[in-house]
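Every number in this text was worked out from the coordinates using simple rules, so none of it is lab data. Keep in mind it's a predicted model, so treat the numbers as computed, not measured. All Cβ positions, glycine included, derive from the backbone under ideal geometry; neighbour counts span all protein chains shown.
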Amino acid sequence: MDQNHRSITVQSVDTGRPLPQPTLSSASFWASGEDGILRIAQCRSCEQWIHPQSVVCPKCRGRDIGMAATSGKAVVIGFTVNVQQWLPKFPPPYVVAVVAIDEDPSVRLTTNIVNCDPADVRIGTKVRILFEQADDDIWLPLFEPDPDAQGELGELPEPDDYKRHLRPMVSANKFEDKVAITGVGQSQVGRRLMVDPLSLTVDACLEAIADAGLTIDDIDGLSTYPGASAGGMSEGGIMALEDVLHIHPTWVNGGGDLPGQNGSIIAAMLAVASGLCKHVLCFRTVWESSHSALQREGRWQAGSGRAIGMFEERAPYGAMSAANWIACQASQYLHRYGGDREALGWIAVNSRTNAAANPEAVYRDPITMDDYLSARMVSTPFGLYDCDVPSDGAVAVIVSAVDAVVPGHRPVFVEAVGTQIMERLSWDQGTMSHLPQSLGPSAHLWSRTDLTPADVDVALLYDGFTFNALSWLEGLGFCEFGGAREFIDEGRGIAVDGRLPLNPHGGQLSAGRTHGYGLFREAVLQLRDEAPGNQVSNPKVAVVTAGGGVPSGAILLRNS
């Protein structure tokens, strides 16, 4: 064995970690640590390192890929100290980290940093591998501070030049010019409503249809996100709603692989612009709050088994929430650009201030910066008020052909969309300086319009966490990278009467998590001067973003 390889394996014990479900592709990775050596997939043709293991080399497109030994050394490029009890037998605090391997810093692993005080972990900490045997065929790669580094910090990989992937417009004839937003609706939104989610969907849909001056018979398309889904994230999708309303649509869409939750609205625009539909009913329903309550009461049995999908490489390390994943990016942002939690705090304080004026908001009691800083931590640097509010509710939107707008009903028009993927569709392999997928869609948005950030009067930016909204502010070009703290200006810059009003209804941080659709509805109401709470003075242009990570999208709306 090469002297650079360090063979340490912890014997199999029940630590309470969820076990990954090895796939036909990933099984060799999970089993490779049996002898204490970290192995990563590598292209045998061009020697490009690849993780997660793929069937095609992203560099040379070769197919000859196998597992190769590494030194087992890496650098921490993002981390969070998790203090939330996500799993019953995996007690906090513990460090979830993204580490870049020495052989190729573009190749990263999500892992735990162990054998040290969590407070001693830093961005740039040099670490080395050790394995925990979790099953006969699973060795979990963990990392500990490398004593040979003697406290010396490693270099961080520089952010990718994502804009080099920007594609020019295919045609000067924009599909956006052929559509209008003619109606919006919303059900009751609240915590633990204990209402059938399909009933909430119907409430929102009927309100949106009436708002557009239409009837159910006028609707000829349905679009939703993410379709039928578990965990309180859907009412059942297209099948459930069609079985209730009997619309007999000429086109339907439902799925999760879209440019953010509002990608289902963009898909509806494309269907209308193509002439396939005239009026598409788009809807999004969540009932997370009631679902969680039912689970706690034992009235809803949660599924069990090994971690699959995106959780295969996260759940074994206790990274059960997007709070853990996105906190890793936030930690690198604060390290790279300087500053502290207060820039995030002012976003939270502003949201609650705005929600106080919104009778529909879930949380309306104002908070101060002292309240923000003293609130319990969830996953550093995120505390309680950095996280959005799980809720029950439904929102619906009508997309119509511009020549089918009902007279007397004021439409909102679509100026541009930002949908292009320029970054790795990954929580850890690509962008680490900002929220993944907030940068590429932003650049694409401005390539489809002559308007600029200076033309925007109100911003409805996805705020599953405060850092999400900060990333969108910078990604959309309202300020330079690292400039959000100065732009926010202790809340003055993003207030309703500030340079760029941000989420005047309270956003998902205070009004309730309606997964992007609530932000879209608020943008429409602002442009129609019909906001239920704070109304921005005479707004002409609004920007809306959606997607709390990957993939995501942006939409530019105008009222004339």
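Spatially, the range 169-195 and the range 263-325 are offset by 18 Å when compared through their Cα centroids.
For the range 108-208, the alpha carbon convex hull comes to 300 Å³ per residue, rounded to a whole number. Shown here are the Rg and Dmax of the Cα trace of the range 9-148, at 15.3, 45 Å. Dividing the helix sum by the residues of the chain, where each DSSP H run of 4 or more adds -39500 (n - 2.57), gives a mean residue ellipticity at 222 nm of -6000 deg cm²/dmol. With the charge dipole of the chain set up from +1 on Lys and Arg Cβ and -1 on Asp and Glu Cβ about the Cα centre, the Cα lying farthest toward the positive end among the listed residues GLY507, VAL286, MET269 is that of MET269.
log₁₀ I(q)/I(0) of the range 233-367 at q = 0.13 Å⁻¹, via Debye over equal Cα point scatterers, no solvent, to two decimals? So the normalised log intensities are -1.02. Rounded to the nearest 5, the antiparallel percentage of DSSP beta bridges internal to the chain is 80%.
By the count of other C-beta atoms within 10 Å, a proxy for reagent exposure, VAL127, VAL412 are ordered fewest to most as VAL412, VAL127. Ranked for footprinting exposure by Cβ neighbours inside 10 Å, fewest first, TYR372, TYR363 give TYR363, TYR372. Per q in 0.26 1/Å, what log10 I(q)/I(0) does a Debye calculation on the alpha-carbon atoms of the range 160-231 return? Summing over Cα pairs of the range 160-231 leads to -1.30. Charge tally for THR466 (other residues, Cβ to Cβ under 15 Å; Lys, Arg +1; Asp, Glu -1): -4. Arranged from fewest to most other beta-carbon atoms within 10 Å of their beta carbon, SER223, SER552, SER289, SER391 become SER289, SER391, SER223, SER552.
Please give the net charge around CYS116, taking every other residue with its beta carbon less than 15 angstrom from that of CYS116, where Lys and Arg add +1 and Asp and Glu add -1. So the environment of CYS116 carries a net charge of -2.
Note on the chain: Cα-only Rg and Dmax are 23.9, 79 Å.
Take the Cβ atoms of LEU276 and ALA27, set R0 to 45 Å, and the FRET efficiency comes out at 0.55. For a 4.7 Å threshold on C-beta separation, the list of partnerless cysteines in the chain reads CYS116, CYS205, CYS277, CYS282, CYS328, CYS387, CYS479.
With the simple model of a label 7 Å out from the Cα in the direction of the Cβ, SER447 to ASP35 spans 4.6 nm. Measuring between alpha carbons in the structure, the pairs from LYS278/LYS540; LYS126/LYS163; LYS174/LYS278 lying more than 22 angstrom apart are LYS278/LYS540; LYS126/LYS163. Under 5 Å from the amide H of VAL378 lie the amide H atoms of GLY383, LEU384, each residue being 5 or more positions distant or on a separate chain, with H modelled from the backbone and absent for Pro and chain starts.
Given C-alpha coordinates of the range 471-560, what is the ratio Rg to Rh with the Kirkwood estimate of Rh? Using only Cα positions, Rg/Rh for the range 471-560 is 0.94. If the Kirkwood radius is taken over C-alpha pairs of the range 400-439, then at 4 °C and 1.567 mPa s the Stokes-Einstein diffusion coefficient equals 96 µm²/s.
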